[in-house]
Protein chains: 2
Amino acid sequence: MTKWFTEKHSDTINFSIEVSKTLYSSQTKFQKLEVFENPELGKFFTLDDYLMITEKDEFIYHDMIVHVPMAVHPKAQRILVIGAGDGGTVRELCRYKTIEHIDMVEIDEEVVTVCKKYFPNSTTGFNDPRVQLYFMDGLAFVSSKIDEYDLIIVDSTDPFSVGEGLFTKTFYKDCFRALKDDGILVNQHESPFYTHYQKNMQRAHKRIKETFPIARVYQAFIPTYASGHWLFGFASKKYDPIKGVDFEKWLKLGLKTKYYNPELHLGSFALPNYVKELLEKESL
Amino acid sequence: MTKWFTEKHSDTINFSIEVSKTLYSSQTKFQKLEVFENPELGKFFTLDDYLMITEKDEFIYHDMIVHVPMAVHPKAQRILVIGAGDGGTVRELCRYKTIEHIDMVEIDEEVVTVCKKYFPNSTTGFNDPRVQLYFMDGLAFVSSKIDEYDLIIVDSTDPFSVGEGLFTKTFYKDCFRALKDDGILVNQHESPFYTHYQKNMQRAHKRIKETFPIARVYQAFIPTYASGHWLFGFASKKYDPIKGVDFEKWLKLGLKTKYYNPELHLGSFALPNYVKELLEKESL
């Protein structure tokens, strides 16, 4: 009998992927973790029945969560990454020679162990000597830091699962304090389409806007996430994500990217009217 | 027992919508036509088990297929629409007072009859005196036209169904001839992500590029279409879709749109690198 992995995009909408092979299945200390394979998407892993990354489209998410802030910040040297156990975010960061140090804080060590085994292409960054891994709660970690990072990337699960604390006002305030005077916070910011996600997006934006002087939202086409229309939050103490960005400098780095490019960077901040209205309303 | 409508996004990926009510089901002269209802998406209709429009996100597709070329063309007065039986494209066109005449050619009269009944908000344009409806094959219709239209919009089904002929080289050549010296052709252009759609996208682009001096591709977030990353083809004899567009003039029209705006117009042409590479390769 055919086996399927199904994620509910809404109460009445299912996204189902045929599983050609189950590679791993476990209840970790924090969540259900499974690794599957599918002919179209390659290997993919899930947490509590939510799809995290697939081999076919993980590059989109990781390009957008890393290269957008790295193109904006003129000199990002110390970085904090929260979540991101699959390794893709750290892999992309490690391509920048200018980065001196990356702290990565993942609550669930088993995610890293399993991803190292099944997603070798995503986890190359974990071997980089600049990367220090901490297996603990990101909230607790960031709360003790002051004026330390140029960039914080919150690469979390959804606010309705283990990632809940990473969408609170306290957490955003702690990130603000942990950042230097010209620091940037980027986070995965849910999706504007299905009702359930829409509310989480609105709530996250409201809280970030109350904390940071510059708070913008940008978007990417991520086919295997609910609705395919995924958002990122760009919060900043000083730098605007569009005006004054030195794209020539970024291009000179010669990084080959499968999704990101400077025109797309600008375009990703051009939101549809209905999304702008939802963000302005901030109903929660 | 719960009833579901399932569309295959690829051979091994299913998108399933719970059907709270089946409103219509028929085998027309050309295809299977069904109208369903779902709590999240509202009413939606399908042709040969492919989702055409939902009440919740049809505005995205129709904004992008209409307002992009209408903002570019400085004086579009005579328009030809092929397909588009749901009425959304003609509804958006009819908001432009400057348009003098719209010919709409839909092969399947039953689609129009059924959409008039179940989608009254999409079909208001059919009552506009400037609109002339023809129920016939779009290929045959356009082949007899010379130097007649400012804009042709091909709002067709996929090339693997009734819409097949609307993705051929002969058809694009006929469109070229039917357009005036500064005419524009816009078509729904499939999707870059899943293998099957990708090939259709590449083939369409190759053929259009061989026919028109300007051939560009733009994108929109359409959550209920396969992958959510949908493309449109912009082919033109004279006007560039970005350079020299008079957005001030468009804004002065005062059209309220839920998706489209001038910044997004520009952003929609900023394609991800992997999509640009696929379009350049044009493997078929």
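FYI, it's all coordinate maths here, none of it is from the lab. Bear in mind that the values here come from a model prediction, so they are computed numbers and not experimental data. Glycine gets a Cβ as well: all are built from the backbone with ideal geometry, and neighbour counts include every protein chain shown.
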Expressed in nanometres to one decimal, the distance between label points 7 Å along Cα→Cβ at A:T168 and A:K3 is 3.7 nm
Here the FRET efficiency for B:K29 versus B:F126, based on Cβ atoms and R0 = 22 Å and rounded to 0.05, is 0.65
Percent antiparallel among DSSP beta bridges confined to the range A:58-281, rounded to 5, stands at 40 percent
One computes Rg over Rh for the protein assembly as shown from alpha-carbon atoms, with the Kirkwood Rh, and obtains 0.98
Diffing the range A:215-221: the Karplus 3J(HN,Hα) column from phi (6.51, -1.76, 1.60, θ = phi - 60°), in whole Hz with x for Gly and Pro, holds 9, 10, 10, 10, 9, 8, 7
Note: B:230-240 gets an average of partner chain Cβ contacts (10 Å, Cβ to Cβ) equal to 0
Here the whole-number average of other chain Cβ atoms within 10 Å per Cβ of B:262-268 is 5
If each K or R counts +1 and each D or E counts -1, the residues other than B:V112 whose Cβ falls under 12 Å of its Cβ total -3
Charge tally for neighbours of A:K238 with beta carbon under 9 Å away, counting Lys, Arg as +1 and Asp, Glu as -1, is -2
Everything considered on the Cα gyration tensor (a ≥ b ≥ c; rounded for a/c under 1.5, else prolate if a/b is larger than b/c, else oblate), the range A:58-281 must be described as rounded
Note: A:H101 to A:E210 extended length (0.36 nm per residue) minus current alpha-carbon separation gives 36.3 nm
Residues whose built amide H sits under 5 Å from the amide H of B:D158, excluding neighbours closer than 5 in sequence, are B:G163
Rounded to whole angstroms and listed largest first, the alpha-carbon spread of the range A:1-114 along its three principal axes comes to 54, 27, 27
Given Cβ charges of +1 for Lys and Arg and -1 for Asp and Glu, the option among B:I152, A:H9, A:G254 whose Cα lies farthest towards the positive end of the dipole of the protein assembly as shown is A:G254
So, in nm and shortest first, the distances from A:P39 to its counterparts in the other copies, with label points 7 Å along Cα→Cβ, work out as 3.5
Over chain A, the sum of -39500 (n - 2.57) across DSSP H runs of at least four, divided by residue number and rounded to 500 deg cm²/dmol, gives at 222 nm -8500 deg cm²/dmol
Per residue of B:13-23, other chain Cβ atoms within 10 Å number on average 4
Expected sort for B:63-72, A:179-188, B:240-249 on mean C-beta neighbours within 10 Å, highest first, is B:63-72, A:179-188, B:240-249
Loop-resident trypsin sites (Lys or Arg not before Pro) in the range A:1-86 with no more than 13 other Cβ atoms inside 10 Å, DSSP not H/G/I/E/B, are A:K29, A:K75
Everything considered on the Cα gyration tensor (a ≥ b ≥ c; rounded for a/c under 1.5, else prolate if a/b is larger than b/c, else oblate), the range B:221-284 must be described as oblate
The long-range amide H neighbours of B:Y24, using H built 1.01 Å from N in the peptide plane and a cut-off of under 5 Å, are B:V35
The FRET efficiency for A:D240 and B:K75, from their Cβ-Cβ distance with R0 = 60 Å and rounded to 0.05, is 0.95
By the mean-Cβ-within-10 Å protection proxy, highest first, A:127-133, B:125-131 rank as B:125-131, A:127-133
